[in-house]
Amino acid sequence: MSASPPPLIEARDLAASYGRVQALKPTSLSVAEGELVTVLGPNGAGKSTMLRAMMRLTSASGRVLFRGRDITGLSTHDRAKEGIILVMEGRGLFSQMTVRENLVLGAYTLTGDETVDGRLDGVFRLFPRLKERYEQVAGSLSGGEQQMLAVGRAIMAKPKLLMLDEPSLGLAPRVASEILETLGELNRQGLGILLVEQKAPQALRLAQRVYVLSLGGIVAELPASEIKSHHDLSRYYLH
Amino acid sequence: MTSPATTSTSRWARGVVLPVAAVLAVMVFALNSSGYVVTVIGFAAIYAIFVTGLNFFMGYTGQASFGQNAFAALGGYGSAILSGNYYWDPLLALVVSMAFAGVVAAIVGYPTLKLRGHYLAMATFALGLITYEISIEWTGLTSGYMGISGIPPLGVGRYELGTEKQMLVALTAFLLLGVWISTRLRDSRFGRALRAIAGSEPAAQALGINVARYKLMAFVVAALYASCAGSLFAHFVGFISPEVFGGAMVIQSFTMLFLGGIGTTWGPVIGALMVLMLPEFLRGLKELQDVVYSCVLVMILIFAPKGLAGLVALIPTRRAPAAPRPAEAK
């Protein structure tokens, strides 16, 4: 009998504090290979802290395993080199640089110009608008275009796991929908995605599993298809 | 419609040809002027090299350093001692001093650069103060306040740059080489990483950039420039003392950097020329000279917050449509 493969990423008892305030209580979650998992929760639930802790952008206790290997001791940049890429809240773009420069920086961990060109073509297929804005300074893009650039830059890194912190925040519904559709497409191509959102019916439609985070701890974990049967959750997150 | 090639040519003309021509014009003007003008413009060239290094660390990488004068002192004293006391070729002394300053910067920078913001600024400021005190107290090596005189001019083997004008030509070559290297580094993968760090350290880390290592490398590059400037000063003037590399050097270099345009290629050169030449143009105003000089500096900072080099960006150009990538252009 063959053992089941380890999850793509697994956080075990991950906890983080800001001074005396515990932003994230010991939390465990996992994302399987090729799975799209959504983490839902209101403002201040600890969603961003959890992603930052998984990326070691915030000091945290607990362990993080990537494809079964303990990467707790790895620095942020080494985790990125492993293929764990985070699209930060607020997008984390380099606003003074052009779209081209931002995208090329996304491929920082890759080597060879051909690889970069190939990745660029892939990004432009997903977001044709970025091609039109190629030499434009990132700070001058619209909010939607900036989010496309943030996702595009993440894809440039050839991620094995893509983590996104509220990518639809502040965007018009149509643009948010376009970006989430692209994430769904990436997931169908086999990319593992951990998507954090406050309230997103569409994110739930794309997801296979859902975690609900509240007051710094996970209060529910269920298949996305079952959320409708939970009256409280569906009332809050689906409408 | 403007083609991308035309735009690229226009950028090249504006970013390279015009500034180089302007620098050469200033140098030709100096070569046809009195010895005093040569000295002033020579100092401007030396400072421009120093500030180009500072710009690398502060402008491109977005870090603060108030202690680059320490590395200028290492370069200056290194060159003075090696070429004056031990009769090394000045050029060799300059290169060895730069290497020494680079090693010191790596050793000192490793713990120091773990600090951020004001703490980093204060730590680097302390570095300058410590070096200053050492240059005063270690009289057996530096002659303290008396300084070191009789430092030979630049040269290799028997060939020596005997006059100030010959030295100025060499300084111009060093300056243009320094700016060229800085530009190449800025446009490289390394330079892009530094600019990413300046933009957002967490975002840079999340892209796989080893922020601590790159900040240290930028600090070492800035130290190499500072050391080179210190060595050139020693060989240009023939004398150094602790005051040459004191706090005034830090303040002056900051003024040059912000006035010229922090984060721009030619800002350090423009700033150095402006700060050192303007007082000479205002000399006729006698007692009002300092007042007018200060007012001009303040006005520039108010009306050109991105520095004088930033004004170039305001010159309207015909904008090309989105340029295709090289691969598409094939």
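Bear in mind that the values in this text are calculations on the coordinates, not laboratory data. None of these values were measured; they are calculated from a predicted model. In this analysis, Cβ positions are derived from the backbone assuming ideal geometry, glycine residues included, and neighbour counts consider all displayed protein chains.
Things to note:
- On the basis of the beta-carbon distance and an R0 of 35 Å, residue A:205 and residue A:13 show a calculated FRET efficiency of 0.70.
- Using a simple spin-label model with pseudo-atoms 7 Å out from Cα toward Cβ, residue B:33 and residue B:294 lie 2.5 nm apart.
- Dimensionless Rg ratio for the range A:37-192, taking C-alpha atoms and the 2.2 N^0.38 Å reference: 1.02
- Sorting the segments B:144-157, B:165-178 by their residues' average number of neighbouring beta-carbon atoms within 10 angstrom, most packed first, yields B:165-178, B:144-157.
- D_trans [Stokes-Einstein, Kirkwood Rh over alpha-carbon pairs] for the protein assembly as shown, 4 °C, 1.567 mPa s, µm² s⁻¹: 49 µm²/s
- Estimated [θ] at 222 nm from DSSP helical runs (n ≥ 4, -39500 (n - 2.57)) normalised by residues in the protein assembly as shown, nearest 500: -17000 deg cm²/dmol
- At R0 = 45 Å, FRET efficiency that the Cβ-Cβ distance of residue B:130 and residue A:63 yields, to 0.05: 0.60
- Shape analysis of the range B:80-183 places it in the oblate category; the axes a ≥ b ≥ c from the Cα gyration tensor give an a/c of at least 1.5, with a/b not above b/c.
- Loop sites in the range A:1-79: trypsin sites (Lys or Arg not before Pro), DSSP, at most 11 other Cβ within 10 Å: A:20
- Inter-label distance, residue B:156 to residue B:301: 4.2 nm, where each label sits 7 Å from its Cα along the C-beta direction.
- Farthest toward positive dipole pole in the protein assembly as shown [+1 Lys/Arg, -1 Asp/Glu at C-beta], among B:272, B:180, A:21: A:21
- Cα long-axis angle, helix B:247-260 against chain B (0 to 90 degrees, to the nearest 10): 20 degrees
- Couplings 3J(HN,Hα) for the range B:62-72, derived from phi with the Karplus relation 6.51 cos²θ - 1.76 cosθ + 1.60 (θ = phi - 60°), are x, 10, 10, 9, 9, x, 5, 4, 4, 6, 5 Hz, where x marks Gly and Pro.
- D by Stokes-Einstein for the range B:4-313, Kirkwood Rh over Cα pairs, 37 °C, 0.692 mPa s: 165 µm²/s.
- Stretching residue A:189 away from residue A:28 to a fully extended chain increases their span by 55.3 nm, per 0.36 nm per residue minus the current alpha-carbon distance.
- Cα long-axis angle, helix B:211-237 against chain B (0 to 90 degrees, to the nearest 10): 50 degrees
- The range A:201-217 and the range B:52-83 have Cα centres spaced 52 Å apart.
- The stretch between residue B:243 and residue B:20 holds 77.1 nm of extra length on full extension. This uses 0.36 nm per residue minus the Cα-Cα distance.
- About its Cα centre, the range A:50-123 has a charge dipole of approximately 440 debye under the convention of +1 per Lys or Arg Cβ and -1 per Asp or Glu Cβ, with nothing else charged.
- Once the Cβ-Cβ distance of residue B:145 and residue B:173 is raised to the sixth power relative to R0 = 25 Å, the FRET efficiency obtained is 0.15.
- Degrees between helix B:117-137 axis and first principal axis of chain B (Cα, 0 to 90, nearest 10): 20 degrees
- Subset of A:25/A:158; A:25/B:215; A:131/A:158; B:215/B:306 violating a 26 Å alpha-carbon distance limit: A:25/A:158; A:25/B:215
- Taken about its Cα centre, chain B carries a charge dipole of roughly 1460 debye when the Cβ of each Lys and Arg holds +1 and the Cβ of each Asp and Glu holds -1.
- Size of electric dipole in chain A: Cβ of Lys, Arg +1 and of Asp, Glu -1, about Cα centre, debye, nearest 20: 380 debye
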